Amino acid sequence: MRRGRVALADGRIREMVLAPVTERAETGGEVHWLPPVAGTVVGALLNYRGEMEALGDALSAPPYQAPPKAPILYLKPANTRIGHGQDVVLPADVDAVWAGGCLGVVIGRTATRVSAECAADFIAGYTIVNDLTVPHASYYRPAIRHKCRDGFCPIGPWVVDRDDVPDADALDVTVRINGEIRQRANTASLVRPVAQLLADVTAFMTLEACDVLLVGMPENPPLARAGDRIDIDIAHIGTLTTQLVRHAQGASR
C-alpha cells in the first residue's frame, strides 16, 4: 500500500492509504500534499559507484588522502522538508541547484546495531526524496548552507510498504526537468546496498521509526533553475514533483 498525508482545503490533516497500482499523485486542487514522514532525514554521500569512479584519484589526494571507509553522512533538518507538488523558493544568492533523485528508506522501528541480514525487519517502506543542493566541490564535509536551505528536501508523495517494492537494490531512478529526461540511474549501482547501508549507519547511531535514510544521489545530477519543474520517478514507488520559483524582493528566504 501507499501511505501519505494531505492537508484539506478546510485545514484538516488526513492520512491517505492508496492502492499499490497508483503511480502519480495529483498536484494542486483541493489537497496540499505533506511530507509522509516526520522523522530525521539522514543522507549518504558517495554511495553510487559512478560517483566514486568519476572522482578517481582525487579521493587519494589532499585533503582527502584516501577513499572513505565508512558512510559519509549529512542531515536534512525540519526546515528543508516539504511535500509533493510544493514550490521551492530559490534564495537570492542561488542561481541553480542540483536535482538529487534519492531513494528514501523509511525506518519502521528503533534500529540500533542492525545486521545486514536482519535489516529488512526494520524497514517500513520506501519514498522519494529530491535532495536539492547548491553545487559545491566538498564531498567529505558538505556545507550546511549547500544542503539545508528552506524547502531543500521535498519528500513523497507517499511511503510504499516494504513488501510492495520487489527489490530496493534494483530500482530505476529517472530525473526529468520540464518533462525532459536529464538523468537515469539504478540502485543496483550502490556502493553499499540498502541493507548494508542501514547496518553501517546503525553501527554507531540509532535510527527511530519514521526516520528516513537516503541511499545517495547518483553521479552528475542535473542542474535546475527558477521556473523549472522537477519530476523524480522511482520504479514501484511513483513520481515526486517540485517546482522551483524565483526569490522575490522582500521574501523571507
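Since every read-out is calculated from the coordinates, none of them should be taken as a lab result. Predicted model only: the values in this text are computed from it and were never measured. In this analysis, Cβ positions are derived from the backbone assuming ideal geometry, glycine residues included, and neighbour counts consider all displayed protein chains.
Annotations
- Value of relative contact order over the chain, rounded to a whole percent, pairs C-alpha under 8 Å and six or more apart: 29
- Residue-by-residue Karplus 3J(HN,Hα) for the range 110-124, coefficients 6.51, -1.76, 1.60, Hz, glycine and proline x: 3, 10, 10, 6, 7, 7, 4, 5, 9, 4, 4, 5, 9, 9, 7
- Relative contact order, percent, the range 131-253 [alpha-carbon distance under 8 Å, six or more residues apart]: 26
- Each of Val159, Leu244, Asn178 was scored by the projection of its Cα onto the charge dipole of the range 39-245, and the greatest displacement toward the positive side belongs to Leu244; charges sit on the C-beta of Lys, Arg, Asp and Glu.
- Taken about its Cα centre, the chain carries a charge dipole of about 620 debye when Lys and Arg each add +1 at the Cβ and Asp and Glu each add -1 at the Cβ.
- Listing Leu34, Leu90 from fewest to most neighbouring C-beta atoms within 10 Å gives Leu34, Leu90.
- The helix-only estimate of mean residue ellipticity at 222 nm for the chain, built from DSSP H runs of length n ≥ 4 each weighted as -39500 (n - 2.57), is -2000 deg cm²/dmol after division by the residue total.
- For the chain: rounded, prolate or oblate by the Cα gyration tensor [a/c cutoff 1.5]: oblate
- Asp200-Glu30 FRET efficiency (beta carbon distance; Förster radius 45 Å; 0.05 resolution): 0.55
- Between Asn220 and Ala143, the FRET efficiency estimated from the beta carbon spacing at R0 = 25 angstrom works out to 0.80.
- Projected label distance in nm at Ile72 and Ala96, using a 7 Å step from Cα toward the beta-carbon: 2.2
- Once both labels are positioned 7 Å from their Cα atoms along Cα-to-Cβ, the gap between Val17 and Arg113 label points is 3.6 nm.
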